[in-house]
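The values are calculated or read from the model by the stated rules, or taken from the named source; none is laboratory data. Just so you know, these numbers come straight off a predicted model, no measurement behind them. So basically every Cβ, Gly included, is an ideal-geometry build from the backbone, and we count neighbours across all protein chains shown.
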């Protein structure tokens, strides 16, 4: 689960990390008051969406102005005007796609006198199965670009869970950023704070870009992104309360309410599979036969008829779907339950695109019998290759 910058900064502030003063604006009429509560002389106005590249982004509506989603003002009134221009408009960045994202929140922050910009992040390193800190002297730009062009400027420090974090890690990071004097002590303290936040809130990623050094020689977290382990949210009610459902894909949001693992993609063949590995293999073989999957959907091993019905509804709600492939290997999941769910869903929402069903495993004969007696126009498949080949042909013939 992702949260907004202003929410991440409030968490940083609660733990004692250095951040600038700021105010969130949800309504245009509140912008002037919010900006007036900050001292200036510089105000920074930031659109709040779950996507990077806001500063270089562009709004679809000309009323929003020609500059991006991060703007600098030299007066409170000007900052308020910029916030009002952004609210309700659609911001397009390299991460949003051409459709962009509507801006429902704007953060007005007190400006900072910047001497240097750095990159600092804590994340889960899958290669070492440890929490790692990543640092770079090239802050204020996409870390992907740094990795591509100057990878030697990125340093990684992993934390052994047996011994935990020590001041040594903080000093090593400080030296990697060429910090000196009191800045080293500040960096050690900041790294310790970030590590504590990471553990206590079940973070998956905590990124500060840029981490700045002010003209006064102090470190400050100028921007922050946080992502949290969705499987741990049951024990993080304060984090869960920060969820902004308007930033999420409606289909993915609906799926989460039924405990379905669903991710929307850009293809044309909807997939319903049980098991993440089988789902990945199904998407791969669809691509192999010349088409693209429209989603990743794992109904899990304990799916009920109702969950399968909802999963089918979510797939058919995608206007890009021109065919559906149901691929079930019944281990824990029974094929008859899947079959009942498919039949129930088709009868409820209708079927306007080709449907190929491949069942194998527990109660497979009963599942096939349910499908065959349903009267549905379903294409049966004997194996995964046969299923993928058939649905791709149906879709291409239909075009």
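Before moving on, here are some points about what is shown:
- Taken together, the criteria exclude residue 66 from residues that are closer than 30 Å to residue 195 by Cβ and at pLDDT below 95.
- Residues that are in contact with a helix residue (DSSP H, G or I) (Cβ under 6 Å, 6 or more places away or on another chain) and either at pLDDT below 95 or buried (at least 17 other Cβ atoms within 10 Å of the Cβ) (or both) were ranked within the range 1-21; the one that is farthest from residue 79 (Cα to Cα) is 1.
- Hey, residue 74 loosely packed, with under 15 Cβ neighbours inside 10 Å, out of contact with any strand residue (DSSP E or B) (no Cβ under 6 Å at 6 or more places or on another chain), without any contact (Cβ under 8 Å) to a residue 40 or more places away in the chain and in the same structural domain as residue 40 (by TED's automatic domain parsing) or not: yes
- Flag for residue 231 being under 20 Å from the mean Cα position of the chain (by Cα) and closer than 30 Å to residue 327 by Cα: yes
- Of the strands (runs of 3 or more DSSP E) lying entirely inside the range 162-239, not one carries at least 1 residues that are closer than 21 Å to residue 130 by Cα, assigned by TED's automatic domain parsing to the domain that holds residue 51 and modelled with pLDDT under 95.
- Scope the range 89-107; condition assigned to a loop (DSSP other than H, G, I, E, B) and in contact with a strand residue (DSSP E or B) (Cβ under 7 Å, 6 or more places away or on another chain); matching residues: 89, 98, 100, 103, 105
- Subset of the range 126-151 (residues that are within 17 Å of residue 226 (Cβ to Cβ) and at pLDDT below 95): 143
- Scanning the range 236-262 for residues that are crowded, with 16+ Cβ neighbours inside 10 Å, over 17 Å from the mean Cα position of the chain (by Cα) and under 15 Å from residue 2 (Cα atoms) returns a single hit, 236.
- Failed condition for residue 24, given (1) out of contact with any helix residue (DSSP H, G or I) (no Cβ under 7 Å at 6 or more places or on another chain); (2) in contact (Cβ under 8 Å) with a residue 60 or more places away in the chain; (3) more than 16 Å from residue 247 (Cα to Cα): (1)
- Extreme residue, farthest from the chain's Cα centre (by Cα), among residues of the range 105-139 that are crowded, with 20+ Cβ neighbours inside 10 Å and over 17 Å from residue 208 (Cα atoms): 108
- The criterion of being in a helix (DSSP H, G or I) and more than 30 Å from residue 257 (Cβ to Cβ) does not hold for residue 131.
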